[in-house]
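Accompanying notes for the structure given below.
The values are calculated or read from the model by the stated rules, or taken from the named source; none is laboratory data. Computed from a predicted structure; not experimentally measured. Note: ideal-geometry Cβ built from the backbone for every residue, glycine included; neighbour counts use all protein chains shown. To get the accessible areas, we keep the full protein, side chains included, count just its heavy atoms, and leave off ligands, DNA and RNA. Shrake-Rupley method; radii C 1.70, N 1.55, O 1.52, S 1.80 Å.
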Amino acid sequence: EYPTCDHWSYDFNSEDYKKSLVDWLPKNEDKPIFFYVHIPFCEQLCWFCTCSKFIIKDYEEVKDYLNYLHKEIDLLFRFLNENKIKLNVQTVYFGGGSPTILNREDLKNLVDKLKGLFDWSKVVNFTIESDPRRVDEDRLLYNHNMCGANRISFGMQDFDPNVQRRVNRIQPAELFKKILTKKVREAYKIIAFDLLIGQPGQTPETMAKTCGQIVELQPTLVQLSLMAYKPWVAKHQIKMLTEGPLPDFLERKELLEVIHKKLKAAGYIRTGFECYSLPDDQMTKAFREGTAHYGASGHQTGGRVNFVAVGSSAKGNLGDDYYSQSYYDLPSYKRCLDKREFPTFRGMKLSKDDKIRQHVTQQFRSYFKIDFKQFKRNFKINSEEYFSKEIEYLGEMIKDGLVTVSNDGIKMTELGRDFSQNISNVFDKYDPPTKSYNERLATIKKAKLAQAKAQELI
């Protein structure tokens, strides 16, 4: 998202969230909704992880959380019904943590609850993120046949045994071969693999082998991600360094070049900054038609996606007007729901400048370019004047062959596509490339203080 959540207001609360729903939804009833459900539990900690999650051994903790999740869903739809608002849900996504931690009965109860609250016949994609170590063919077919899931997202990450050992996530390619049977492939129209770049032990040689195994397994979609090393958020990440450093910036670039070469040779098409898909996949069609979108859950089809999210730490956005996020910690999340309040931790209403720069980020990440005519049409601005300072700053990147600037717009070169984050960053008013380390640290401390203050209120 832009601006990133570090810059959202901690004064944005339950009442503000309700106002945003009433302000935006009635005027946009036809807009598709991406309904996100967060299940924040895993059975084992992956040392690369910066997601919001809790490692648990006792399933009773999951059941307790589900009671509160049902409370939040009831609170949301009661409020929507009172205001005569209907959600045009076209995508449902269960993320985590690991949603496959739910037993069959609890998963089906949750799905059945949602089916009774909005028109499920309009749902085109229903994804359940799945931990390949915790599912088998029978469970995946149950998720499809009894719950309606038609899209799987696997945290594949890497197939090299040494890399898997160093990040505490052992899941050999043979495991995927065993569960991705003919019946499973017939049941799921989209099978997505997440491939994480920058893990310890990754080399061009190991990545070439991993890509070969990916091609053999034929997922319809491969979502790339550059690993974020944030030990101030996730102290356990330090464990990855015990046998040596992580790949540096240039080494990660080499890894990306291997991925590009291998996947393109196998017929995959690059359909976004962090995305490869097969020619007949929905994502390829969306990319060619200009209806792909880069969002919090990676590249998605369907154009501009509006998130309504439930669960601890879940983030939502309504058009390009509002952002919101629930509390991370479970005590704060539960406290709000016990008081029949939405568990809103922070959020913001975007200014016109926020919306313009958000669109820049989306266009660069989704299509590797921005079209000045589109900005004039959508925002009534002269892009060359509006972004004059940014275009001047791009001078070095132009010399390096990363971008070209013309009267029509700004376009990334083939080389520049791997530097999409850096190029987008030039247009970021909140975290510009000139911002110092201490300034960034102050933003992080502010977020931690807000979280601590919330917990003190329990």
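Listed values, structure above:
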item	result
Selection within the stretch 357-393 - aliphatic (A, V, I, L, M), without any contact (Cβ under 8 Å) to a residue 60 or more places away in the chain and either open to solvent by less than 30 Å² (accessible area, probe 1.4 Å) or in a loop (DSSP other than H, G, I, E, B) (or both)	ILE370, ILE381
Filter result (open to solvent by 20 Å² or more (accessible area, probe 1.4 Å), under 19 Å from PHE94 (Cβ atoms) and outside any strand (DSSP E or B)) within the stretch 6-43	PRO32, GLU43
Only one of ALA314, ALA292 that is hydrophobic (A, V, I, L, M, F, W, C), modelled with pLDDT under 90 and either over 15 Å from the mean Cα position of the chain (by Cα) or within 23 Å of PHE154 (Cα to Cα) (or both)	ALA292
Contacts under 9 angstrom Cβ, first residue in the stretch 62-78 being closer than 13 Å to TYR333 by Cβ, partner among the hydroxyl-bearing types (Ser, Thr, Tyr) and crowded, with 16+ Cβ neighbours inside 10 Å, 6 or more apart	TYR65/SER312; TYR65/TYR333; TYR68/SER312; TYR68/TYR333; LEU69/SER312; GLU72/SER326; GLU72/TYR333
Candidates ILE423, ILE410 - the one that is surrounded by 16 or more Cβ atoms within 10 Å (Cβ to Cβ), outside any helix (DSSP H, G or I) and either free of Cβ contacts under 8 Å to residues at least 60 places away in the same chain or more than 22 Å from the chain's Cα centre (by Cα) (or both)	ILE410
Residue in the stretch 341-349 that is in a helix (DSSP H, G or I), in contact with a helix residue (DSSP H, G or I) (Cβ under 9 Å, 6 or more places away or on another chain) and either on the phi > 0 side of the Ramachandran plot or open to solvent by less than 60 Å² (accessible area, probe 1.4 Å) (or both) present	no
Verdict on ARG304 being closer than 25 Å to VAL426 by Cβ, at pLDDT below 95 and open to solvent by 40 Å² or more (accessible area, probe 1.4 Å)	yes
Filtered residues of the stretch 3-52 (kept if free of Cβ contacts under 8 Å to residues at least 60 places away in the same chain and either under 18 Å from the mean Cα position of the chain (by Cα) or within 24 Å of ASP353 (Cβ to Cβ) (or both))	ASP11, LYS19, LYS27, CYS51
Search result, residues across the stretch 89-147 that are open to solvent by 10 Å² or more (accessible area, probe 1.4 Å), in contact with a His (Cβ under 8 Å, 6 or more places away or on another chain) and outside any helix (DSSP H, G or I)	GLY96, GLY97
Hits in the stretch 235-286 (condition: polar (S, T, N, Q), under 22 Å from the mean Cα position of the chain (by Cα) and open to solvent by 20 Å² or more (accessible area, probe 1.4 Å))	GLN282
Any hit, the stretch 314-323, residues being surrounded by 21 or more Cβ atoms within 10 Å (Cβ to Cβ), of a type in the set (S, T, N, Q) and within 22 Å of PRO99 (Cα to Cα)	yes
Single unsatisfied condition, GLN171 versus (1) touching a Pro at 6+ places or on another chain (Cβ under 6 Å); (2) open to solvent by 60 Å² or more (accessible area, probe 1.4 Å)	(2)
Cross-chain or 6+ apart pairs with Cβ under 6 Å, the stretch 215-236 first and within 17 Å of ASP281 (Cβ to Cβ), then at pLDDT 95 or above and among the aromatic types (Phe, Trp, Tyr)	LEU217/PHE176; PRO219/PHE193; VAL222/PHE193; VAL222/TYR276
ARG104 touching a helix residue (DSSP H, G or I) at 6+ places or on another chain (Cβ under 7 Å), under 30 Å from LYS177 (Cβ atoms), at pLDDT 95 or above and among the charged types (D, E, K, R)	yes
The stretch 172-188 residues that are within 11 Å of ILE152 (Cβ to Cβ), paired with ones that are open to solvent by 90 Å² or more (accessible area, probe 1.4 Å) and in a helix (DSSP H, G or I) (beta carbon under 8 Å, 6 or more apart)	ALA187/ASN145
